[in-house]
Amino acid sequence: MSQQGRPAQKPRASRGTAPTASRRGWLLRIIIGVLLLIGIGIGAATIAVAMTDVPSPNEVSSSEATIVYWAGGRTELGRLGEATRRSVPLASVPIEVQNAVLAAEDRTFYEHGGISPLGLGRAIWNNVSGGSTQGGSTITQQYAKNAYLSQDRSWDRKIREALLAFKLETVVSKSQILEDYLNTIYFGRGAYGIEAASIAYFGKPVTELTTSEGAVLASIIKSPSGLSPEENLPALKGRWDYVIDAMVEQGWLTPTKRAEASFPEIAKAKAGNRLGGQTGFLLNAVTTELAALGFDETEIQRGGLRITSTFERKAQRAATAAVKQEGPSSNTAGLRIGLAAIRPGTGRVIAMYGGKDFVDDQINNATRRFAQAGSTFKPFALAAAVEAGTPLSSIWNGDSPATIKGYTLNNYGDKSYGKVSMLQATEKSINTAYVELESNIGVEQVADAALRSGIPESTPGLNLGQLDLTFVLGTASPSGLDMANSYATFAASGARATPTVIIKVLGPNGGLLYETDPQTTQAFTPDVANTVTYALSKVVTNGTGATALALGRPAAAKTGTTDGNRSAWFVGYTPQLATAVLMAKEDEAGIPVSLSGTGGLGTVTGGSFPAAIWVAFMKAALDESEQVAFPAPPPGVIVPLNCPIVLPPEGEEVPLG
């Protein structure tokens, strides 16, 4: 074929000619450049490490206390950083206890150079992928982090921590690093250092600790609040098993000794006078929320934070006074009273009564989930029914006993009411009518309404996977705070907020580190929520919540009393404030017992002591607030009833019509 008309082709370069040499030149320049960058990096790192000062343990211990203020931001509520600090030489710490700490926190401590490559890689992946912000978590890095005491969660701080960790490993012995770490780490209960922790948890010096006791302290390091024996003993025991097993894996404990080991008895926590009364409960609530926000124990306890809480001093005093004035005074052994008050639409907890004295008992009765809710769960069924189009005038069977889908139940006192409206069933808290209502609309819908209002899925006894008709009768055990927040949702015309005890957090230099931004979720339409409020207001004017009439302003509420009289509740609200009051009794083993006989009453109902406490508190807390009316329910809700129930002078309930 002719090649005429085509341009002459250039001869191809043979292998090994100029282009290959050119590529090699570029490759050589790239290698030289990379080596220069590495050299510069090493030089910069060397200079940075050389210029990094190593703080002493005493400098770490002299940090600034965190101060918590009342809601106004000016008056001090209390301090978080006042603690016991004790230092001991490493030789005083039994080798088994040292090994327990290493098994829990840093098994390769004596092998790495300050930073664990695997731990660092894991931290980088978590931070880049959006997981929890964390460091490499070697003991050297933890000590470095404590030394810096910075609230900053930036990469800059991580770099500075890494530099200090490298520096520590070059100028301080491993034994000295471990000793300083053990003398400065926080163990909870206000104890800094393993000697203080040994005394706080076991009442003995560290030299006398057993392997099992040392493993408890090593377990607590990970989360002194989250693994405290008072708040989460099962989790602490699980962590203890993990630590003990790790000691066996590392060859620091024989399988025989492991088999003989058992979880030790921990001494009851002692609180100082500065935490007396309600102060300790309030400060502990602040500490718990700070931890949930991502502040670590060192930052919380001695980072010099300035925290404005949501707690209002006047309301808090009112809570304490109300329990003292209106609570029972006889047969009170084992009695627990809790109170929680929330501003609807904001989630701000303005007052909390956790118990008689935090110094004597650190269990917070306002936040602990232990008392069955009883009939205070009925408004959730009411909300679900209204959503489904069921009117308050709908008629239900109020006779007792009643059998519904195989479940036989009674009304309180085994009273029969005949045919009643849904509004009347609410006013009189008629069990049989409400279980029939629940059966009609579906237990799942009632449970969904409870969750949307603010009841946590983790509530004991909720049994979401095995729902039955007992749900509406309050067999679950929410906290007083849970119930106050759920009713606050109705008070806010269906807008649910997340409870909070913190308004803002400032760093030691005054910089803003955190500020609440109240966000609400419309759990129910205003029409549904306002219909529920209307019905609950009738509980006060016409029903079991009549004690609340003494408040002298519009109020909506519900009583709750459980089988066996093991708990009694009064939960109610005005447009400005939602409050839950609960009472329950426990024996010395913490087993629920009957309230019968408390305060001289044969049966303690929600309308007795709890209602009286609620009224006394609300009167004082709302004293200077203007009276505000509830939003009107939608048209058609307020209708004449076909069969009203009236109470004649002698108090016997008589159905008419």
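The values are calculated or read from the model by the stated rules, or taken from the named source; none is laboratory data. Worth saying up front: this structure is predicted, and the values here are computed from it rather than measured. In this analysis, Cβ positions are derived from the backbone assuming ideal geometry, glycine residues included, and neighbour counts consider all displayed protein chains. Note: areas computed on protein heavy atoms with side chains; ligands, DNA, RNA excluded. Shrake-Rupley method; radii C 1.70, N 1.55, O 1.52, S 1.80 Å.
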Criterion: closer than 16 Å to Gly606 by Cβ and modelled with pLDDT of 95 or more - qualifying residue of Ala402, Ala385, Ala373, Ala366: Ala373
Residues that are within 26 Å of the chain's Cα centre (by Cα), in a loop (DSSP other than H, G, I, E, B), farther than 17 Å from Trp569 by Cα and among the hydrophobic types (A, V, I, L, M, F, W, C), drawn from the range 436-486: Leu462, Leu467
Within the range 286-309, considering residues that are in a helix (DSSP H, G or I) and open to solvent by less than 20 Å² (accessible area, probe 1.4 Å), the one modelled with the lowest pLDDT: Arg302
Residue match in the range 167-178 (condition: assigned to a loop (DSSP other than H, G, I, E, B), buried (at least 23 other Cβ atoms within 10 Å of the Cβ), aliphatic (A, V, I, L, M) and at pLDDT below 95): no
Checking Arg496 against (1) within 21 Å of Ala71 (Cα to Cα); (2) within 18 Å of the chain's Cα centre (by Cα); (3) not polar (S, T, N, Q), the condition it does not meet: (1)
Condition check for Thr574: of a type outside the set (D, E, K, R), surrounded by 24 or more Cβ atoms within 10 Å (Cβ to Cβ) and more than 25 Å from Arg368 (Cβ to Cβ): yes
Selected residue (criterion: most open to solvent (accessible area, probe 1.4 Å)) from residues of the range 538-550 that are assigned to a helix (DSSP H, G or I) and not β-branched (Val, Ile, Thr): Leu549
Cβ pairs under 8 Å, 6+ apart, first in the range 577-595 and within 17 Å of Ala366 (Cβ to Cβ) and open to solvent by less than 10 Å² (accessible area, probe 1.4 Å), second among the polar types (S, T, N, Q) and assigned to a strand (DSSP E or B): Leu582/Ser567; Met583/Ser567; Ala584/Ser567
The listed residue being of a type in the set (Gly, Ala, Ser) and touching a Leu at 6+ places or on another chain (Cβ under 9 Å), out of Gly474, Gly480, Gly510: Gly480
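Part of a helix (DSSP H, G or I) and of a type in the set (Asp, Glu) - does that describe any residue in the range 508-519? Break it down stepwise before answering.
To start, the set of residues in the range 508-519 that are part of a helix (DSSP H, G or I) comprises none.
No, the range 508-519 contains no residue that is part of a helix (DSSP H, G or I) and of a type in the set (Asp, Glu).
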Residue ranges of strands (runs of 3 or more DSSP E) in the range 317-410 with at least 2 members crowded, with 24+ Cβ neighbours inside 10 Å: 335-342, 349-353
Checking Lys538 against (1) over 25 Å from Ala381 (Cα atoms); (2) of a type outside the set (A, V, I, L, M, F, W, C); (3) more than 18 Å from the chain's Cα centre (by Cα), the condition it does not meet: (1)
Number of the exception - Ser225 against (1) modelled with pLDDT of 95 or more; (2) open to solvent by 10 Å² or more (accessible area, probe 1.4 Å); (3) under 15 Å from the mean Cα position of the chain (by Cα): (1)
Subset of the range 208-222 [modelled with pLDDT of 95 or more, crowded, with 19+ Cβ neighbours inside 10 Å and part of a loop (DSSP other than H, G, I, E, B)]: Leu209
Residues satisfying the stated conditions in the range 330-376, i.e. of a type in the set (Lys, Arg) and within 19 Å of the chain's Cα centre (by Cα): Arg343, Arg348, Arg368, Arg369
Qualifying residue in the range 227-248 (condition: closer than 23 Å to Ala291 by Cα and assigned to a loop (DSSP other than H, G, I, E, B)): yes
Failed condition for Leu469, given (1) touching a strand residue (DSSP E or B) at 6+ places or on another chain (Cβ under 7 Å); (2) under 18 Å from Thr531 (Cα atoms); (3) surrounded by fewer than 23 Cβ atoms within 10 Å (Cβ to Cβ); (4) hydrophobic (A, V, I, L, M, F, W, C): (2)
Considering residues of the range 505-537 that are among the charged types (D, E, K, R) and farther than 27 Å from Arg369 by Cα only, the residue most open to solvent (accessible area, probe 1.4 Å): Glu515
Any hit, the range 551-564, residues being among the aliphatic types (A, V, I, L, M), in a helix (DSSP H, G or I) and either buried (at least 24 other Cβ atoms within 10 Å of the Cβ) or touching a residue at least 40 places away in the same chain (Cβ under 8 Å) (or both): yes
Subset of the range 41-98 (residues that are modelled with pLDDT of 90 or more, in a helix (DSSP H, G or I) and exposed (fewer than 14 other Cβ atoms within 10 Å of the Cβ)): Ala91, Ile95
